[in-house]
1. Report the one residue of B:P565, B:M536, B:G487 whose Cα lies farthest in the direction of the positive end of the charge dipole of segment B:471-579 (charges on C-beta: Lys and Arg +1, Asp and Glu -1; origin at the Cα centre).
2. What Kirkwood hydrodynamic radius do you get for segment B:518-569 when you take the inverse of the mean 1/r over all pairs of distinct Cα atoms, in Å?
3. Using θ = phi - 60° and the Karplus relation 6.51 cos²θ - 1.76 cosθ + 1.60, list the HN-Hα couplings for segment B:469-478 in order, rounded to whole Hz, with x at every Gly or Pro.
4. List the lysines whose alpha-carbon lies under 19 Å from that of B:K46, not counting same-chain residues fewer than 8 positions away?
5. Between segment B:342-415 and segment B:59-115, how many Å separate their Cα centres?
6. Let me know the Rg and Dmax you get for chain B when you use only its Cα atoms, in Å.
7. Under 5 Å between amide hydrogens, which residues at least 5 positions from B:T74 or on another chain qualify, with H placed 1.01 Å from N in the peptide plane?
8. Taking square-rooted eigenvalues a ≥ b ≥ c of the alpha carbon gyration tensor, is chain A rounded, prolate or oblate, where a/c under 1.5 means rounded and, failing that, a/b exceeding b/c means prolate?
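Any read-out appearing in this document is the output of simple, stated calculations on the displayed coordinates, not a laboratory observation. Because the structure is predicted, anything quoted here is derived from the model rather than measured. Here the Cβ positions follow ideal geometry from the backbone for every residue, glycine too, while neighbour counts run over all protein chains shown.
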Amino acid sequence: MKYQIVIAGIGGQGAVFLVKVLSIASALAHQKCLGTENHGMSQRGGSVSCYVKIGDFYAPAIDEGQADLLIALEGNEALRNIQYLNKDKGVIVMNAPKNFPKVSFETHSVDAFKKAKANEFPIDALNVYMLGVTLALDPHFPFSCKEIEEAITQMNAKVAEKNIVVLHQGINDAKDKK
Amino acid sequence: MKQILMGNDAIALGLIHAGVDMVSGYPGTPSSEILGNFQKFRDKFKLEAYAQWATNEKVGFEVAYAGAISGKRTCATMKQVGLNVASDPLMSASYIGLKGAMLLISCDDPGFYSSQTEQDSRSFAKFARIPVLDPSTPQEAYDMVKLGVELSHQFESIVMLRPVMRVSHAREICEVDDSLHVKANQGNFERNIPRWGAVPPAGRFRQGLEQIDRLEAIKAWNWDHLIKPKTHALKGENVLCLTSGTGDGYVREAISELDIHADVLKLDMPYPLPKEKLEELFVHYNKVIVFEESFPCIEEQLSSPKLYGKLTKHVHVIDEFSKDKVLSAFANAGVIAPSHAYKSEKYTEELPKRPPNMCPGCPHRDVHYAITKVFKKKKSIYTSDIGCYTLGLNQAAIDTILCMGASISMASGFSISDPDKTVIATIGDSTFMHSGVAPLINAVYQNHKFILVILDNSTTAMTGRQTTPERTNPHQIDIKRIVEGCGVSCHEYVYVQDINKTVDFMKSLHEMYKTATAPVVAVVREFCVLDRENAMGRLGNVTVEVDEDKCVACDSCITNYKCPPMHYNDAGKMEIDPFLCAGCGSCLDVICPTDAFVKKEEK
Ligand code: SF4
Ligand code: SF4
């Protein structure tokens, strides 16, 4: 299998957490995995993008036109990274308001900020919420809900329970939309 | 045993498994997590090992080197720019060699993700004449740490490990040793004045000759153990790709995905190369292309009319690798037709720019704001330094950035060359300790008149909040007393989230400056908002919103203050993103000419 994911967001949203969860999930699924995090000067509020390459890869960065999935924790960051998607099969899962510009990819969007403002889930679990949405909506997503739950637990058992609740909230909200 | 490791975790674990029990360095992205992770593994396995941040890379190197010549297995960590600082002892240590083992880890940053320059530490290894290992993945980084320590011991030479950002910050499932057999090793310095204290020319000359012999031996070893075994896998294509480090991954993926016929030979130790042996291989090929990041280190050691690379302008000369760049190189060398397999359309409408910016609520922002408010741009020069406060660039509150410590020495220079302007230098606490003290002594000694503001948040914030000297020993090491020890008084201001007070403090410095005959020095006691321990109780608890009727979209807040939550909404009015706002409330008072910022609620 070969599956490449770009995770985009802004500093402070926990994109790196998702890289860790997905690499643990890969190990659980007995898949090779290369991930990267763009650390550096971006403090809270700056653009952040991370790559996860599952399967037989040697170079950690993803090239333009290659990614199967783009998970965007913020809408504009989705647009900023859109060139990484594979023209034929790229899928976007993003947190964006309703009136967001249309793009020529299969796009699934939820307005997670609005939900967080309405206290439907805590804003610092936005990353996990979006992962739930992805699980529900991307049919090619290479991991099962069980694997993701297990990976979240391995990451940090103390807060796993809370995170898994939000994960399922994401899954359910996305299913309702469908 | 399999473990999911980030490159810098893998390196730290490799150090433990290689029996290294003395690590010293200075933080710098992308190297910063190595030492911290080493500390974590050390504590987890209950090992006895020294692992501490030094005041700068030169000091870190020298501490580790002393350990090594006492027979211990040691390591110094830094980033490529830090190696410049440590280059002085490196050049000598390379002549002298060592007894135990010493791995010098210098992390490079192709693509300038968090550095001022894109240097190649391998070229520095070549300059210093020490062997260098170039890992391409976290797994290789782990293996090469162990190999490097062994080689260092065997050849009595410092060995460099040169990971790039895409290795240090990559994550991979790695195969690592199951068990731990390491014990702390005891150093025992044996006096040997001709070796350790050699004075030029006689002693050093002999050591220089020995260094050359050592290099020849390492070249032979490189061929026998690292290169030759790999030549059996070459398939006899027309084109040979010589790769090193991350370049290898991009080449392998590109040729397999696009079915390009080429042999790939990865050079794990790009210096010193067994030139003749390698060139013998070239007879079987029409073209040899070198893929390496960032400088032509391999290419410069080889010569052949068949060679294509950066020197011949067939491979890109700046920026990190990508498969697209690999394809361009193949096309430039006439191996394939030009291809756009790795190009795709970008979104071309305008998107909000998000240049690196200080965190919401960061005290540095207020200090920069106050400086530009009190010291008018036309009559001032703002020199600054390397750290989070560098991001004051966004507020147009910085005129120069050169390298660590230079804010103070350049302030000296400007005070002489452009005396009509007021020079205000800013520097962080960690950077002040790193390279700021010597230029301050120079300024006091020669009575240079400028203002120096030391921004003390008691941590090395930009690289991930590593400890600083005064953080660990606050009663012994104190910036105020250091400044006083340099012979000048130090004015102290304890930061509060009321920007008027910070402005008033700057005004008081301005007054003092008017009659001063020497540098006016101040320390602002701050905190980093991400530093739980220190920021506790000092963070704000108000949220701010904008009164749309009052906002006239004059840009004043967003250009002079530039807090990340501030943005224009669809109605063309300023809006504060509640999810980003830290609740400091600083923006309430001074920064809006129409007083449009209003308190919303206590958090
Ligand atoms: S990391 Fe700390 S010091 Fe750096 S910008 Fe953020 S709050 Fe300021
Ligand atoms: S209160 Fe204003 S200045 Fe402070 S963090 Fe929020 S938006 Fe930024």
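1. Of the listed residues, the answer is B:G487.
2. Evaluated over segment B:518-569, this radius sits at 14.6 Å.
3. With coefficients 6.51, -1.76 and 1.60, one gets x, 6, 5, 6, 10, x, 8, 7, 10, 9 Hz.
4. B:K72, B:K183
5. Centre-to-centre (Cα) distance: 30 Å.
6. 26.9, 81
7. B:A101, B:M102, B:L103
8. Details: a/c = 1.29, a/b = 1.07, b/c = 1.21.
The shape class here is rounded.
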